[in-house]
Amino acid sequence: MGFFSEFKEFAMKGNVVDLAVGVIIGAAFGKIVSSFIEDVITPLLLKPALDAAHLSTIEQLTAFGGVKYGVFISAVINFVIVAFVLFLIIKGMNHAKKKDVAPPAPAGPTQEELLTQIRDLLKNK
């Protein structure tokens, strides 16, 4: 098997394609969360605090001559939102899986019970 055919076989496996789709969707979701933080959360919740500090965005918060802790706070808020949304998605998927599982069929007699019945039938003959 040639090098390129092996690579093609590896790249076309379902797991690799699923991973690529997941990374692309994750990047797009990250952009959505960033926009949500910058365009919705910051203006609604942090606007009074930013106005008091004479800043327009949370990323402009600095301390000790240039330590940009506002960028860190923004990243933490992004992470919390992403983690919460992923938690909700996985919880919903797990809940859906539980409903799909059929209840186990009622168990019949065990092997020992069947053997006991056969023994008793043979004794009675």
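Below, the figures for the structure above:
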item: Estimated Rh, the chain: Kirkwood, alpha-carbon pairs, angstrom; result: 21.1
item: Cβ crowding within 10 Å averaged over residues, with 72-85, 54-67 ranked highest first; result: 72-85, 54-67
item: Whole-Å distance, taken between Cα centres, linking segment 1-40 and segment 86-125; result: 40
item: Charge-dipole axis of the chain as Lys and Arg at +1 and Asp and Glu at -1 on Cβ define it, positive-most pick from Leu114, Ala53, Gly22; result: Leu114
item: Cα-projected label distance for Val80 with Ser5, points at 7 Å along beta-carbon direction, nm; result: 5.6
item: Surrounding net charge for Pro109, when Lys and Arg each add one and Asp and Glu each subtract one, Cβ distance under 15 Å; result: -2
item: Net charge contributed by nearby residues that have their C-beta within less than 12 Å of Thr42 (K/R +1, D/E -1); result: -3
item: DSSP H segments from the chain that extend 27 Å or more along their own axis, Cα-based, with Kyte-Doolittle mean of 0.5 or above; result: 14-36, 69-100
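Only the coordinates and a few stated rules stand behind these numbers; no lab work does. Here the structure is a predicted model, which is why all the values come from computation and not from measurement. Cβ coordinates were reconstructed from backbone atoms using ideal geometry, including for glycine residues, and neighbour counts include every protein chain displayed.
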